[in-house]
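Data first, discussion second: the structure below is written as structure tokens.
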Amino acid sequence: MPKPAPATRRQLTLLIAAAGIAGAVIAASLLPVPYVILSPGPTLNALGARPGGKALIEISGHRTYPTNGHLNLVTVSYQGGPADGFNVFTALQAWLSPHEAVVPEEELFGTGKTQQQVTRKDTQQMVSSSPRRPRCASSASPTPSLTRSTSSIPGCPQPGCCTRATSSPRSMASR
């Protein structure tokens, strides 16, 4: 039986390059990138009603007037963040899409923050933004699309009224 011929320099170079490319593709698909994908979120007519006929926004203690037409609440959904990364291929796909934008994670969440810190700060800002009404404002907020489950946020003035989405993409209105 004849001995196999030793690999030529060209074959060895090709083998090393193929192994390097395969390693880079595997690393790129497994490692998260520090970016967030922004995309159009759901719109909601703020003058409309929730399922069951109850008005989405209720005003008490002041005179109100009948309305017609639409007052659309526009939201932005996002994918990514401190606890929810995605790979470079997802980022490239979003970058090429005319309906999505890819921005650095630190522009939305700051540097070195955990998801719990971001949620706590957002909840604190929401609660403190209405000094005359200490109740949770999220009861009138739309629920984000593609929500799998929600959980109460610690520190809310009314237990169970503030919830956060635990899926991706998430609606900015739910933050």
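Assuming R0 = 35 Å, can you tell me the calculated FRET efficiency for the pair residue 93 and residue 65, based on Cβ-Cβ distance, to the nearest 0.05? Efficiency, rounded to the nearest 0.05: 0.15. For the pair residue 55 and residue 106, label points projected 7 Å from Cα toward Cβ lie 4.6 nm apart.
Within the stretch 36-135, the percentage of alpha carbon pairs spaced more than 16 angstrom apart rounds to 72%.
In this simple spin-label model, placing a label point 7 Å from the Cα along the Cα-to-Cβ direction at both residue 13 and residue 26 gives a separation of 2.5 nm.
Remark: the stretch 1-53 is approximated by an ellipsoid whose semi-axes, taken from the C-alpha gyration tensor as √(5λ), come to 60, 13, 8 Å, largest first.
Bear in mind that the values in this text are calculations on the coordinates, not laboratory data. None of these values were measured; they are calculated from a predicted model. Here the Cβ is made from the backbone with ideal geometry for all residues, glycine too, and neighbour counts use every protein chain on show.
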